[in-house]
Each structure stands twice: as C-alpha cells, then as structure tokens.
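Please read the structure below before turning to the comments.
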Amino acid sequence: MTERSLAPSRYAADQLERLRILLVEDDEGDAFLVRELLEEAEAPFQLTVASTLREARESLTGVECVLLDLGLPDAEGIDGLRKLLAVAGSAAVCVLTGRSDEHLGVQAVAEGAQDYLVKGQVDGVLLIRSLRYAVERKRADENARRLREVELLQAESARLERGLLPQPLMQTSEVAVETFYRSGRALGLLGGDFFDAVQIGANRLHVIVGDVCGHGVDEAALGVELRVAWRALVLAGVPEEHVLASLEQVLMSERRAREVFATVAAVSIDLPANRATVRLAGHPPPVLLSGGRAQPVAARTGIVLGVRPTPTPATELEFPSDDWSLLMYTDGLIEGRVGAGNERLDVDGLCKLLDEPAARAVPLPGLPPWLVSRADEDNGGPLTDDVAMLLISRGGGR
C-alpha cells in the first residue's frame, strides 16, 4: 500500500507566474523570515522590501501584492493600512499581525485588505498560497466594481434613451396610435430610427417615421434631433409642404459627415374628411389595412433627405371606410431574410404577414410586436437593424 503525505505540497515553479510582492516591514529579522518562507515554498516570486510607508509608496509600480506590517515608524495600525489602500491601486493588500493583536487583522479586512496573516503561524506554502488568493480576490473585486460601474452607466443611458422616445401628442379619441421601437444597436435602446405623432387643433393629426443611415450613437442622436425638429415645425404651424425641406436643413447642418442621409414617411390625416396626405422621402410606403386586406399605399416617392434638396411629392389618400389602420414602419422590419436564401421580407411579404389569419387574430395594440416576432422568426434570428413603427387605427381598424 502506497503511503500519502499529509504535508502541504510544493508549488510547481513552471506552472505559476512570478508573483511580484512588496513587503512593508521595518524589522529586518521579520523581513528575513518572510523571504525564507517564500523560498521554502519553491514558488516563483520577486520580493521588494520597504521599511516605511513612504518607501512603499515609491515601490508600488508593478506590484501585485503588498504584505503590510501594521507597526511602522511612519504609520501605525489601521491608519497605516488606510493610507496604503489609498495609493495601492490594483495591488492586493495582506496585513501581518502579531498573536496579541489578531483582532486588528479582522478589522483590516473590514477596511479593505484582502486577507491577514498572523506572524509565526504560517509556513512558506501557506504564505504564498494566501498571497496568490489575495491577488485573485483583488482582481475579482476590481472586475465586480468595473461591472457594477458599467451596469450603472448602462442603466443611466437607458433612462436617458427612454426619455428621448416621444409620447404621441394627441387629444382625439377618433383614432388610436400604437408605437413600437427596438434598436439594432448592441446594448442600446435608441437607434437612428425615429417616430412621432402630433395633433394640431381638433381636425389634423401629423405622424412621421424616419430612418437615419447608420447604427451608432451619432445616428441615434441625430434621429432625436430630427424628431424634435419635426415636432417643433409642426407645432409652429409651418405649412406641410415646407416641413420636410426644413427638416432636411436641420439634417445637413447637424450630421457628422456629408454621406449621412435620412429617409422619411410623413402623413397628415384630416380626421373629419377621413383622408390623408402622404409624403415619402426615399422611405417604404405605409401599409393600409381595410376591408380585411393589407396593401401598400400607392404613393409617389421622392429622394432621401440630405443628398440633393428637392421637394418631396405629396400623394392624397382616401380611406375607403371608417374602419382602417395605417402601418408606418422603417426598413429594418422588411429587410430581414425569408428562409435559407437571400430573399428579403420586403413590403409584399409584410402585407402577406398581415393577411394571415394569425395576424387578424392579434389585437391591434399587439400587432407591431407580433410582426417583429414573426420577422425575427423568418430571419432565423433577431433583425439586425433598428425597427420603428406607428399603427394609426380608426374604428375596427381592419
């Protein structure tokens, strides 16, 4: 039968990285003992000795772990630990205590030290193991702190981005407006797409959906600027035929590069007349749901905003009844793949989805998220572009 030793095993030097240690100890005998213990463990290390806290401050560069005696000429007890922790940076700190003041070790850990060791109660293997554990705990603490900072920053950004999404400015009960927004930007709530709805007087409802090219924070900021500018123009009573031209001026003055452009679908609804004026600047047409069918609005399309200032043509739309819905969306919804090939959903595919019995069974408020869910499914995964939608409904909505 083979006997097994219960003594602590030595570290394999070729399996460990060299541990850079700073010993802060004014007693030469204790410093010599610490070095002997480290050499006894046969683990790779680099030891620097400082006899005062002042010397320690000058020797911290590149150090992974500080072994601190609490009785120094220029720093005594917990006060010395606090001063060292203030300058230790990413280095772990272990405290050395005597048998009679072990309670200070517990207090030191509460103050921020990674561990404490009692002089005379450790051998070399336990010493080097404690120091390595302290280094790993310090790294874990730093990672947790950085993660927490990122989470707080993300939460703050999310609150700001949610605040930038508009609330429809409406008083009428003749039509209902459902909104949907999903950013394609990783960890972002806001992308370059934008939407808004503003009622002017008792009879006129203005709605817009737009898409700034790109997916970064600059595009997201520009999308917010355009949306706010559009609302201001509408509320100021700027004639409808001049609103998009003015919006283009804002785009061209605020964009970060000449290549940045935006597509827009703007609709002005005359509620008493049950009709609308549609203007498309390089944007896919709205889809009209009425009489149990979904079909794109046959509207003329102008060029995108920001390339060559040109008046956007207007198309008059007569709603066929008092039961209709108008779906306005950005191209992120229709650019997903359909099946294994390169075929895209496109406008015709969107109309087919809306004509499915399953779509008709979805209540109108749930229709936009249902469409995105189906588009994700057909795409074989989440759509990569931003998606913004407005669903304006009257009567039964279909």
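The values are calculated or read from the model by the stated rules, or taken from the named source; none is laboratory data. Worth saying up front: this structure is predicted, and the values here are computed from it rather than measured. Here the Cβ positions follow ideal geometry from the backbone for every residue, glycine too, while neighbour counts run over all protein chains shown. Surface areas here come from the heavy atoms of the whole protein model, side chains and all, with no ligands, DNA or RNA. Shrake-Rupley method; radii C 1.70, N 1.55, O 1.52, S 1.80 Å.
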Exercise. In what order, largest first, do Met252, Met328 sit by accessible area if the probe radius is 1.4 Å?
Worked result: Met252, Met328
For this session: Run down the aspartates and glutamates and flag those whose C-alpha is under 15 Å from the C-alpha of Lys119, throwing out any fewer than 8 positions away in its chain.
Result: Glu25, Asp26, Asp27, Glu28, Asp30, Glu36, Asp69, Asp101, Glu102
Exercise. Taking Cα pairs under 8 Å and at least six residues apart, what relative contact order does the stretch 269-323 come out at, in percent?
Worked result: 42 percent
Problem set entry | Simple spin-label estimate for Arg20 and Asn203 in nanometres, 7 Å along Cα-Cβ | 7.8 nm
Problem set entry | Unit charges at the beta carbon, dipole of the stretch 162-309: most positive-side option, Leu205, Thr179, Val234 | Thr179
Exercise. With all protein chains present, how much of the accessible area of the chain (probe radius 1.4 Å) comes from carbon and sulfur, to the nearest whole percent?
Worked result: 51 percent
Problem set entry | Sequence of Ser321, Ser90 when ordered by accessible area, the most exposed leading, probe 1.4 angstrom | Ser90, Ser321
Exercise. Which residues in the stretch 57-71 have a backbone N closer than 18 Å to a point placed 7 Å from the Cα of Asp101 along the Cα-to-Cβ line?
Worked result: 67-71
For this session: Report the extension gain between Ile78 and Glu58 in nm, rounded to one decimal, defined as 0.36 nm multiplied by the number of residues separating them, less their alpha carbon distance.
Result: 5.2 nm
Problem set entry | Signed unit charges on C-beta, dipole axis of the stretch 305-371, positive-most listed residue Asn342, Leu317, Pro368 | Asn342
Problem set entry | Karplus (6.51, -1.76, 1.60) ³J(HN,Hα), θ = phi - 60°, over the stretch 288-301, in Hz, Gly and Pro reported as x | 9, 9, 6, x, x, 10, 10, 8, x, 6, 7, 10, 5, 10
Exercise. Where the eigenvalues come from the Cα gyration tensor of the stretch 38-158, what are the semi-axes √(5λ) of the equivalent ellipsoid, largest first, in whole Å?
Worked result: 27, 17, 15
Exercise. Quick one: putting +1 on the C-beta of Lys and Arg, -1 on the C-beta of Asp and Glu, what dipole do you get for the stretch 299-398 around its Cα centre, in Debye to the nearest 20?
Worked result: 140 debye
Exercise. Where Lys and Arg each count +1 and Asp and Glu each count -1, what net charge lies around Asp355 among other residues with Cβ under 11 Å from its Cβ?
Worked result: +2
For this session: Before anything else, pin down the relative contact order of the chain: Cα pairs under 8 Å, at least 6 apart, normalised by residue count, whole percent.
Result: 12 percent
Exercise. How much accessible area per residue does the chain have, in Å², with a 1.4 Å probe?
Worked result: 50 Å²
Exercise. For the pair Gln154 and Val109, what calculated FRET efficiency results from E = 1/(1 + (r/R0)^6), where r is the Cβ-Cβ distance and R0 = 41 Å, to the nearest 0.05?
Worked result: 0.85
Exercise. Using the beta-carbon distance between Glu240 and Ala144 and R0 = 51 Å, what value does 1/(1 + (r/R0)^6) give for FRET efficiency, to the nearest 0.05?
Worked result: 0.40
For this session: Any chance you could give the angle, 0 to 90 degrees and rounded to 10, that helix 346-355 forms with the longest Cα principal axis of the chain?
Result: 80 degrees
Exercise. Roughly how tilted is helix 28-40, in degrees to the nearest 10 and between 0 and 90, from the longest Cα axis of the chain?
Worked result: 70 degrees
Problem set entry | Folded to 0 to 90 degrees: helix 217-235 orientation relative to the chain principal axis, Cα | 40 degrees
Problem set entry | Where Asp346, Asp385 fall by accessible area, highest first, once all protein chains stay in place (1.4 Å) | Asp346, Asp385
Seminar exercise, completed: With the convex hull built on the alpha-carbon atoms of the chain, volume per residue in Å³ sits at 263 Å³
Problem set entry | Calculated P(r) tail over 18 Å for the stretch 311-398, as whole % of Cα pairs | 48 percent
For this session: Could you pull the accessible area for His242 with a 1.4 Å probe, rounded to 10 Å²?
Result: 100 Å²
Problem set entry | Calculated from backbone phi, Karplus (6.51, -1.76, 1.60) coupling profile of the stretch 362-375 in Hz, x at Gly/Pro | 7, x, 3, x, x, 5, x, x, 5, 4, 5, 4, 5, 5
Problem set entry | Convex hull projection area averaged over all views, the stretch 327-373, Cα basis, nm² | 3.4 nm²
Problem set entry | Over the chain: helical MRE at 222 nm, DSSP H runs n ≥ 4 each giving -39500 (n - 2.57), nearest 500 | -11500 deg cm²/dmol
Seminar exercise, completed: About its Cα centre, the chain carries a charge dipole, from +1 on Lys and Arg Cβ atoms and -1 on Asp and Glu Cβ atoms, whose size in debye to the nearest 20 is 1280 debye
Exercise. Hey, in the GNM for the chain with a 10 angstrom Cα cutoff, which one of Val278, Val118, Val177 fluctuates hardest?
Worked result: Val118
Exercise. Put +1 on the Cβ of each Lys and Arg and -1 on the Cβ of each Asp and Glu in the chain; which of Gln107, Leu23, Ala298 then has its Cα farthest toward the positive end of the dipole?
Worked result: Ala298
